[in-house]
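The values are calculated or read from the model by the stated rules, or taken from the named source; none is laboratory data. In this text, all values refer to a predicted model and were calculated from it rather than measured experimentally. Cβ placement follows ideal geometry from the backbone for every residue including glycine, while neighbour counts extend to all protein chains displayed.
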Ligand code: IMP
């Protein structure tokens, strides 16, 4: 039995959906424990690409249950569309369970999200967060304020009505609220349609652990967007850390075995906030074009830049990473060189290596210090076929040097490498314990 967490180790969009899907093959339950419709996990199946927003990738596999867990905020109308879309394509192959404790994102939260971000922007243009406008912040704020509505209440019309009336009383400042009767009616209807999936999910997971089954917690967003430990206020409103994944699923910390951090071989960020290694030159544009860097939920172009080991060391420490998955290495194939940020220089000339400053303003002023590594050849179809056939030994020597450099710099072994968008384009490098330094390093030598 293994309880594993797979989480984003940068600013989101690390292709963790693909790694989660790879690991889901050996899981009985895959659990989403935070976030909601702001999420977009792309998985490229033989039938074509699928983007999951509020469903865990377990729903795509026979014999696996995808759980939308207690720490999530669920937009029920969008969830229903997502389920219908998968059903119509014949891709809803696993089972689905929706936590009765998950909170509900209402259309008024979406209105409020837009209203709040405009308010920030009017106050100071740089204060706007560039949220996904999916109502996440307001829904989590109402949860913390004890005004929220949970999935359990959707099938109890009297309680639903009473909770909505109280919630509306807090929203008098918002224009264009939908009439309360209409919203209550629509929520009851969608609640009835979703009712067959609603469960108290934590005892189901506890029993699975007792039976020795594998559980995968599929993180959404990323540790650097964590409400407390990310680049506040340019963060999301949940806790996409390993600790947050446990809180959001009801699994106790003593059951946890592995924490896998997913990072691209470069870096991207969507929305506002500090991004020290952002490259606004033609090279950044190359990454965007070659990596297809557009938001899976909003379609916004992502800001692009280079791998940042200062941030990655911090994320590794904060989350207790036991291994790394490095994705999209194919995007850097054929470049002249691969810059990697190893430290920052502060405006007063100090060098920082082990973690970002607390203030987002200070982080924005940090100047990255790069080491330049040789790039590996282009990932043409023949190379991909060789890796598929022969496994990690077929990875180009310069790529293996890059991976060893990342391991050394972060102090965490690289266990998985993603080299393409397709489901089978991930290679496992073997169990990390056998590759730990110093003995493990030899295995990386070309
Ligand atoms: P919110 O989560 O919609 O409130 O957005 C807050 C910040 O997190 C914005 O900068 C978003 O662009 C960012 N964000 C939220 N979800 C994701 C995601 O799944 N990938 C990348 N960025 C995200």
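Yes/no matrix, rows are residues, columns are (1) surrounded by 24 or more Cβ atoms within 10 Å (Cβ to Cβ); (2) at pLDDT below 95:
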residue: 1; (1), (2): no, yes
residue: 10; (1), (2): yes, no
residue: 29; (1), (2): yes, no
residue: 34; (1), (2): yes, no
residue: 50; (1), (2): no, no
residue: 55; (1), (2): yes, no
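Residues being under 22 Å from residue 89 (Cβ atoms) and without any contact (Cβ under 8 Å) to a residue 40 or more places away in the chain are entirely absent from region 12-24.
In region 38-58, what count of residues is obtained for those that are away from the ligand (no atom under 15 Å from the Cβ) and in contact with a strand residue (DSSP E or B) (Cβ under 9 Å, 6 or more places away or on another chain)? If you could, list the steps in order and put the result at the bottom.
Initial filter on region 38-58 (away from the ligand (no atom under 15 Å from the Cβ)): 44-50, 58.
This time we only want the ones that are in contact with a strand residue (DSSP E or B) (Cβ under 9 Å, 6 or more places away or on another chain), so: 44-46, 49-50, 58.
Residues in region 38-58 being away from the ligand (no atom under 15 Å from the Cβ) and in contact with a strand residue (DSSP E or B) (Cβ under 9 Å, 6 or more places away or on another chain): 6 in total.
Among residues of region 169-191 that are without any contact (Cβ under 8 Å) to a residue 12 or more places away in the chain, those with a beta-carbon under 9 Å from a residue that is assigned to a loop (DSSP other than H, G, I, E, B) and surrounded by 15 or more Cβ atoms within 10 Å (Cβ to Cβ) at least six positions away or on a different chain give the pairs 169/147. Considering region 96-125, and only residues there that are touching a residue at least 24 places away in the same chain (Cβ under 8 Å) and in a loop (DSSP other than H, G, I, E, B), the residue that is nearest to residue 175 (Cα to Cα) turns out to be 106.
Just to be sure before I move on: is residue 298 closer than 17 Å to residue 225 by Cβ and either within 15 Å of the ligand (Cβ to nearest atom) or surrounded by 23 or more Cβ atoms within 10 Å (Cβ to Cβ) (or both) in the structure I sent? So residue 298 fits the description; yes.
The residues of region 309-328 that are within 16 Å of the ligand (Cβ to nearest atom) and closer than 23 Å to residue 244 by Cβ, listed by number, are 311, 315, 327. Just one of the listed residues (87, 93) is assigned by TED's automatic domain parsing to the domain that holds residue 227, more than 16 Å from the ligand (Cβ to nearest atom) and either within 30 Å of residue 364 (Cα to Cα) or part of a helix (DSSP H, G or I) (or both), namely 87. Looking across 78, 133, one residue alone is modelled with pLDDT of 95 or more and outside any loop (DSSP other than H, G, I, E, B). It is 78. Number of residues in region 195-239 that are surrounded by fewer than 20 Cβ atoms within 10 Å (Cβ to Cβ) and closer than 17 Å to residue 101 by Cα: the value is 10. Restricting 290, 268 to residues that are more than 19 Å from residue 132 (Cβ to Cβ) and either away from the ligand (no atom under 16 Å from the Cβ) or modelled with pLDDT of 95 or more (or both) narrows the list to 290. Within region 371-394, how many residues turn out to be closer than 18 Å to residue 338 by Cα and under 26 Å from the mean Cα position of the chain (by Cα)? The number of residues fulfilling the criteria is 1. Of the numbered criteria (1) part of a loop (DSSP other than H, G, I, E, B); (2) within 24 Å of the chain's Cα centre (by Cα), the one residue 139 fails is (1). The residue of region 136-155 that is farthest from residue 234 (Cα to Cα), among those that are more than 16 Å from the ligand (Cβ to nearest atom) and in contact (Cβ under 8 Å) with a residue 60 or more places away in the chain, is 154. Residues of region 271-287 that are more than 11 Å from the ligand (Cβ to nearest atom), in contact (Cβ under 8 Å) with a residue 40 or more places away in the chain and in contact with a strand residue (DSSP E or B) (Cβ under 7 Å, 6 or more places away or on another chain): 276, 277, 287.
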